[in-house]
1. Just add up the charged neighbours of THR389: K/R +1, D/E -1, any other residue whose Cβ is under 14 Å from the Cβ of THR389.
2. Show that you can apply the helix-only estimate: for the chain, add -39,500 (n - 2.57) for every DSSP H stretch of four or more residues, divide by all residues, and state [θ] at 222 nm to the nearest 500.
3. Pop a pseudo-label 7 angstrom from the Cα along the beta-carbon direction at both THR232 and LYS219 and give the gap in nm to one decimal.
4. Taking Cα atoms, how many degrees apart are the long axis of helix 454-463 and the longest axis of the chain, rounded to 10 and kept between 0 and 90?
5. Remind me, relative contact order of the stretch 163-257 in percent, using alpha carbon pairs under 8 angstrom and six or more residues apart?
6. Go ahead and run the numbers for FRET between GLN316 and THR109, Cβ-Cβ distance against an R0 of 45 Å, rounding to 0.05.
7. State the Cα centre-to-centre distance between the stretch 205-256 and the stretch 110-183 in whole Å.
8. Once the Cα gyration tensor of the stretch 231-374 is diagonalised, what are the square roots of 5 times its eigenvalues, in whole Å and ordered largest first, as equivalent ellipsoid semi-axes?
Amino acid sequence: MKTIKFYTGISLLAVLLLLSGCGKELDELPAGGSGTESPENPAQSEGELLRLRVSDAGYLDAGTGSRATDSGLTTTFEDGDKIGLFVVNNENEVLYANVPYTKSGEEWTASQNVRTKGYPVRVFAYYPYVEDDKIIGKINNEAQDASAFFKTYIDGVDITDQSTPELYRQADVMACMVTVNDKDAAREELTLTMNHQMGLVVVQLPETVTLTSVNCYLKGDESYEWTAQNVTLPANLSEESLTVTGGIQPLKEETGYRYLCKSGDNNIPFSGGFKTYGATKSYSVSSATVSAGSSKTYNVSVTPFAVEGKVEYPLQPGDFYMKDGSILPSVTQENKANCIGIVYWVPTATDPLESHSPTWLEEHSTCTHGLVVGLKEQQSQWGTFGEITNITDSDKGGIFRGYSNTKRLVSEHFDYAIVSAYNRLKTDVTLPSDKTSGWYVPSVGELVKLYQAKSKVDYSLSALSSTTLSSLLYWSSGEISPNNAWNVNLDKGNVNVINKSNSYSVRLAFAF
């Protein structure tokens, strides 16, 4: 199956050999139009090797008048794709009809040499290629542009069913014409800029919706719930449908639909609907008029609404953890003062909590949902140089042992600088005791996870006007020797062994 993309400017080189030969009138062509090559004649040596560049002009935005730049509106030709070529001389004789050119790597190659007699000649091309019996006899050899040349053929193309990528590509007819006036022009690169002969309608469904009131819970734990107001969540659409007047079956995409229409098919209404968070929504457009080569996008939005019942919250790094235990994807000026941390790690099927042997679980068995980093940091030494604590860590970074390490530091080495930093950072930031492990200094493994989510965490910290993870080196809660402790570089993610007497950053975390 081909991947649908739509092409605006990719360069695809091909070669045509145009030498003089004997042409035939269109009505003289045999049924097999692509078999019309003139007999070889060594005396017919006039002509130039042409270098072709095939490109897609793209769609004109019907709203702005500018060329669409969205990568979703560009066609990428793939190996095996074919264009069809016609060559017509100045007497309107069709010298070659429907010669297939196939893309192979960076070139388009034909099954025969294409030769022409004299100048000027008009070169017409179209895509996608069809067999001779579907297009021979349906072209206008007197036409001076591609749209007129292929009009009869295009009018007869059945574009009713566009429901698969293959059927959509068959309906997306493109064409162009290039005139070669003389030998000098033939020596220049000949550009075939394919223009779309259909109009394009895109129906963009909402990716998010705003819920004025919703009861949220965390996956796998409906006891962890909270109520949120005016929260924006993924739309989670279901039961989607789109009906286009005239029987066109559109192509369903991840974020909506698209369909092609012929230039003369004006005022085509469409309507559709979907479900989101249990609510049924509908939409309609009474007239979708798009001319050939133009596109128009209709963005469907949903008015904010309240949801009854509970909704599973899609927890992710960068979320805002609030002091009442609620979790939000964004904050406002009114509620950002209630934020106490940023979610930075969430267990997944490929990275489960159990694989990290979290040391808090024995005392906080419900804290299985993820890790949160605090909003502040403190510059500090680690501890007493030359004194062993046996509070170890590892450069392997797999075990979440910050909770147990911190408990031992506080109880056995309360005079250490890192303990003083810990006490200062947790002052005035009270956590929900029934939902969290309490603050601790992260271990190497937990700091490595923080590094992996650094960009998302910094984005959220900036929204709060809090200190971002600007410092390069952050202390772990474990040592390696009497003189050194583990330290993680949050700029590059590498784990270091640092002298305990050096001063670097400390930032707290907790599990929930």
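1. The answer is -1.
2. -3500 deg cm²/dmol
3. Going from the THR232 label point to the LYS219 one covers 2.2 nm.
4. 80
5. Answer for the stretch 163-257 is 28 percent.
6. 0.40
7. Each part reduced to its Cα centre gives a spacing of 43 Å.
8. 44, 17, 14
The values are calculated or read from the model by the stated rules, or taken from the named source; none is laboratory data. Note that the structure is a prediction, hence the values are computed from the model and not measured. Please note: Cβ atoms are built from the backbone with ideal geometry, for glycine as well, and neighbour counts cover all protein chains shown. Heavy atoms of the whole protein, side chains included, go into the accessibility calculation; ligands, DNA and RNA do not. Shrake-Rupley method; radii C 1.70, N 1.55, O 1.52, S 1.80 Å.
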